[in-house]
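Notes for the one structure printed next.
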Amino acid sequence: MSKHPIVILPDPRLRAVSEPVGAVDDSVRALARDMLDSMYAARGIGLAAIQIGVPKRVVVVDLGKEPERAPVEDEEESEDGRPREPDPQVFLNPEIVWQSDERRVYEEGCLSIPDYTEEVERPDRIRVRWMTLEGTIQEAEMGGLMATCLQHEIDHLNGRLFIDYLSKLKRDRVTKKFAKAAKREQEA
């Protein structure tokens, strides 16, 4: 298990379409563990493999609260009202097979676009099909923050970023800001 650096905008890898996972083997399980370590270290709630430079259709999510992780705005509580416990989940080859007409707005951020958030409107409920680390196919309907998080991460697998949902003006502003920062870093 190891932590990997997060790929940051404007890195062109963020626009790559990721390849499906074939058989689940030790390398896929190790990738999932590394992704969870990297996500926790970056204090995130979701991560796509391409965000650590691996173009595979793997997503990890944990909406549970870790002691060292700050609460996420609009984070849901468990049914009994207590904060969620850590709940790491791994989705291999996830695909959205249905989405509701009802929409919901969340303030989204992205580990690949640090310190930048915007409101994004997405379907409120989705049905997702994925493969588990055991190689079985699962399908479930999800809503709320989990639906938003999975849509965000599945977008990454398809080379799409949450800023693509913003106006051209906002998208251009944030892209320029990160391009300038990357250029300054290369010159340093």
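The values are calculated or read from the model by the stated rules, or taken from the named source; none is laboratory data. Keep in mind that this is a model prediction, so the values were computed, not measured. We place every Cβ from the backbone using ideal geometry, glycine too, and count neighbours over all the protein chains shown. For accessibility, only protein heavy atoms count, side chains too; no ligands or nucleic acids. Shrake-Rupley method; radii C 1.70, N 1.55, O 1.52, S 1.80 Å.
3J(HN,Hα) along region 35-49, derived from phi through the Karplus expression 6.51 cos²θ - 1.76 cosθ + 1.60 where θ = phi - 60°, amounts to 5, 4, 4, 5, 5, 5, 4, 8, 6, x, 10, x, 7, 9, 4 Hz, with x in place of Gly and Pro. What FRET efficiency would be calculated for the residue pair E107, T175, taking the C-beta separation as r and a Förster radius of 22 Å, to the nearest 0.05? Here the calculated transfer efficiency is 0.70. Relative contact order of the chain: 24 percent, from C-alpha pairs under 8 Å at least 6 residues apart in sequence. Against the criterion of solvent-accessible heavy-atom surface with a 1.4 angstrom probe, I6, I137 sort, most first, into I137, I6. Label separation (N158 vs D115): 3.2 nm, computed from points 7 Å beyond Cα along the C-beta direction. Near L63, the amide H atoms lying under 5 Å from its own belong to D87; only residues 5 or more places off or on other chains count, and H is placed 1.01 Å from N. Estimated purely from DSSP H runs of n ≥ 4, each contributing -39500 (n - 2.57), the mean residue ellipticity at 222 nm for the chain is -9000 deg cm²/dmol once divided by its residues. When D25, D11, D115 are compared by accessible area at a 1.4 angstrom probe, the order from most to least is D115, D25, D11. Converting phi to 3J(HN,Hα) with the Karplus coefficients 6.51, -1.76 and 1.60 and the offset θ = phi - 60°, region 165-177 yields 8, 8, 5, 4, 4, 5, 4, 4, 4, 5, 5, 4, 4 Hz in sequence order, with x at every glycine or proline. For K3, the lysines whose Cα comes closer than 29 Å to its Cα, not counting residues fewer than 8 places off in the same chain, are K56, K65, K176, K177, K180, K183.
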